[in-house]
1. Does residue 11 meet the test of being outside any helix (DSSP H, G or I) and crowded, with 24+ Cβ neighbours inside 10 Å?
2. Give the number of residues within the stretch 146-198 that are outside any helix (DSSP H, G or I), among the aliphatic types (A, V, I, L, M) and more than 14 Å from residue 96 (Cβ to Cβ).
3. If you go through the stretch 104-124 one residue at a time, do you hit one that is in contact with a helix residue (DSSP H, G or I) (Cβ under 9 Å, 6 or more places away or on another chain), at pLDDT below 95 and of a type in the set (D, E, K, R)?
4. If you go through the stretch 35-69, how many residues are closer than 21 Å to residue 101 by Cα, at pLDDT 95 or above and not basic (Lys, Arg)?
5. What are the pairs, 6+ residues apart or on separate chains, where a residue within the stretch 131-144 that is under 24 Å from residue 210 (Cβ atoms) has its Cβ under 6 Å from a residue that is in a loop (DSSP other than H, G, I, E, B)?
6. How many of the residues in the stretch 37-68 are surrounded by 13 or more Cβ atoms within 10 Å (Cβ to Cβ), in contact (Cβ under 8 Å) with a residue 40 or more places away in the chain and closer than 20 Å to residue 186 by Cβ?
7. Please verify whether the stretch 258-270 includes one or more residues that are closer than 22 Å to residue 223 by Cβ and either assigned by TED's automatic domain parsing to the domain that holds residue 202 or in a loop (DSSP other than H, G, I, E, B) (or both).
8. Just give me the residues in the stretch 77-103 being at pLDDT below 95 and either of a type in the set (Lys, Arg) or over 30 Å from residue 211 (Cα atoms) (or both), in sequence order.
Amino acid sequence: MHERILVTGGLGFIGSALIRRMTAQGRDVLNVDLDTYAGDGRRVAEAGPGTVRTIRLDVAVPEFTQLVRSERPELIVHCAAESHVTRSEEQEDLFLHANVVGTRRVMEAATAAGAKLVIHVSTDEVYGPCTADPFSESDKLPGEGRATSAYARSKAQADDIASSFSDRIPVIVVRPSNCFGPWQHPEKAIPRWVTKALLGKRLPVWGDGRHVRDWMFLDDLCAGIEAAIERGTPGEVYNLAPGGPQWTNLEIAMLIARTAGVSEDAVFLTRYDRPMHDRRYAIDASKARSLGWRPGADLERRLAETIAWYRDHVDWWTPLVSEAERLYADSLERGAS
């Protein structure tokens, strides 16, 4: 077991969940996070009985290398990233800095410090849209490949950078499907629909609503990362996805409406659709399952738990809604029907 653990982006949605999981096992974690709008210290405020120490720092700057060389972590889990597709449309340089330059810095720092293992957390979007059988790990093309959004292109480049260090340090890349759960910022699709339902507002679904994402509960992702840490092979890539039936965006929004106790009539399609909006993501996670990882498949139950969490934490997400909605105002005003 690794004694010295560093997590990047640990104030974010995924990184904080991983920290809560690790500290619940009594492990101490150093968290390095730039603390942008997407970060929130409350996500790890109740972590324990292990401890979490947070240093606010951009992983892409030279000071990060100095920190890593000083701390000499045995395990680094690299979660830090800009991850919102809509934001990436207008802030491509920011995404390249955070995701590409940041990943190179993390790998260089880990090499300099002699880390025993680095986990690079990626995304299924690096494969691009899927029109046939789910993608296996070897289906990613070099560089940007088939990735469409500025976010996905930056993560595709970051993947290659992480893998290129495998001859110098032990590196494992994990590529999860879209995740949901407590503490997710309301700019993302599922919490956006959930919070709108709880506020008694309409739930907008872009285009024809038939876009498909392989939704996975956050705890299952963390368990998959843990399996990769404990039983994964350095130099390998592991897809992480729940398996089972896939749901369209329209079906997910309808399910959220029903579960939240509002009429399905609250769900509506917009005439607006994101440019190059990928129709479907699908990945084969059988390789990760060979490690003994078993994600839950009960989407309805996990969504109900998530809705209940947001209902109980109105004070947390209410101040975030107005900023999140500014991202979408123009498109919805043009496209609402």
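The values are calculated or read from the model by the stated rules, or taken from the named source; none is laboratory data. Model, not experiment: these values are computed from the prediction. Note that each Cβ is placed from the backbone with ideal geometry, even for glycine, and that neighbours are counted across all protein chains shown.
1. So residue 11 passes the test.
2. 5
3. No: zero hits.
4. Selection size over the stretch 35-69: 13.
5. Final answer for the pair search is 134/282; 134/284.
6. Residues meeting the conditions: 3.
7. No, the stretch 258-270 has no match at all.
8. 87
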